[in-house]
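The values are calculated or read from the model by the stated rules, or taken from the named source; none is laboratory data. Just so it is clear, the structure is predicted and the values come from calculations on it, not from any experiment. FYI the Cβ positions are ideal-geometry reconstructions off the backbone, even for glycines, and counts take in every protein chain you see. Areas reflect the complete protein model, heavy atoms only, side chains present, ligands, DNA and RNA absent. Shrake-Rupley method; radii C 1.70, N 1.55, O 1.52, S 1.80 Å.
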Amino acid sequence: MSSFGQNYRVHTYGESHCKSVGCIVDGVPPGLKLTEEDIQVQLSRRRPGQSDITTARSEFDTVHLQSGTEHGVTLGTPIGLLVQNKDQRPHDYAETDLYPRPSHADYTYLAKYGLKASSGGGRASARETIGRVAAGAIAEKYLKEAYGVEIVAFVASVGKVALPFAEEEDEVLGKEYMDLVRTVKREEVDKEITRCPHKETSKKMEETIRAAKAKDDSLGGSLTCVIRNAPAGLGEPAFDKLEAVLAHAMLSIPSTKSFEIGSGLRGTTFPGSIHNDPFIEGVDPRTGEKTLRTSTNWSGGIQGGISNGEDIYFRIGFKPPATIAQEQATARYDGSDGVLAAKGRHDPCVVPRAVPIVETMAAIVIMDMVLQQNARKATASLLPPLTHLPPTMVLPGKSTVQAVVNGKDVGEVQNQKPGEE
């Protein structure tokens, strides 16, 4: 279907060459200051035609708020967002009348629906992600104001050119890479044309993309995304584990091929004695209160499917764009042999423009989880405190209700030993 989320629900619409694309967002809390400019920032980072290593399609992707706000404030009702398509060129796709493009969705859409959009990629086009980015920009604004959440994605690899993930064979992930995860800002990412904040690696990536483009070819790559200051307790124990929902969100983005949380596949090569994240006494960066932290973070900020308060970081792999101008031997729809040299304007590598898509999809997931957890906490806070449970069931020094709602709306009720009144 075309909807994502349970409490923060996003429904996108539109195809590559239709009149407009956009979304309806349900679940935005009332009272959030919101203007079109707040949303436009991420859409402008996503839009095509930003540099000569991206597609030449020229779209400004100006967003128009249709509903759900008044006097610059959200009403709590569904928000409608619309972006006009203005630079369509359907005539560039005449060859797809005869050929299904290799590794594209032309054939599978026909297999599913019995027909498809006559030009462009239809719903399989990256134009569909405009609605996601707009909805995610709203989620980002709320999360930043309410929790201080920061979400930053950056390009980690292009083709065979990659960041130094580990300097030594015996380290799970290297200090240089983890320093980027902990500290990199969007401004640093956007300084580089490739959106890789490591200058030396970025230069090599740029050269690699230009070389592929000169040969009418394309390249894949990967992104790393980090979510900072997300509260502990987000995620569900079984089917909606936080990393599972993040994987769902990320793998729904066009061209994605893989998802790794924390140390990922590299972490599977180490013993538990090295890979485990020991607990230490620390401070909650949002509240300044004492709390448990971990001395390492190979888990990627999630344990048991639930956030633990550390940075949540993950990596997403993208395939090379399927539509290339290089001649390819492939079959026509009627099964006869042929040679396809696709036309149209396409990215030689999608990962630089995928950065804001990944960030905003991450924001949608965290927003959805925050609303779900806050509903649970508010409901639990209405119950009387429990004081006769064994210490193994609660955080030391707090009742079960305080453990759930963080002691904000209930009195100071200490745990009591069995039999005490």
- Query: Are there trypsin sites (Lys or Arg not before Pro) in region 77-171 that DSSP marks as loop and that have at most 16 other Cβ atoms within 10 Å, and which are they?
  - Reply: 86, 160
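How much accessible area per residue does the chain have, in Å², with a 1.4 Å probe?
Details: 20230 Å² over 421 residues.
Accessible surface, normalised per residue, equals 48 Å².
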- Long-range tail of P(r) for the chain (Cα pairs > 36 Å, %): 32
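Just how large is the dipole of region 3-377 about the Cα centre, in debye to the nearest 20, putting +1 at every Lys and Arg Cβ and -1 at every Asp and Glu Cβ?
Numbers: 45 positive and 50 negative charges, 137 e Å.
Taking the Cα centre of region 3-377 as origin, the dipole is about 660 debye.
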- Task: For residue 213, go through the aspartates and glutamates and keep the ones whose alpha-carbon is under 15 Å away, minus same-chain ones fewer than eight residues off.
- Result: 52, 327, 347
- Calculate, for residue 393 and residue 37, the FRET efficiency according to 1/(1 + (r/R0)^6) with r their C-beta to C-beta distance and R0 51 Å; round to the nearest 0.05. 0.60
- As straight-line cross-link partners of residue 199, the qualifying lysines (C-alpha separation under 19 Å, not fewer than 8 residues apart within one chain) are 160, 175, 185, 191
- Query: Hey, any idea what % of region 3-377's accessible area is carbon plus sulfur with a 1.4 Å probe?
  - Reply: 53
- Residue of 294, 108, 96 that the Gaussian network model of the chain assigns the largest fluctuation, springs spanning Cα pairs under 10 Å: 108
- Note on the chain: helices (DSSP H) long enough, at least 24 Å by alpha carbon along their axis, and hydrophobic enough, mean Kyte-Doolittle at least -0.5, are 129-147, 351-380
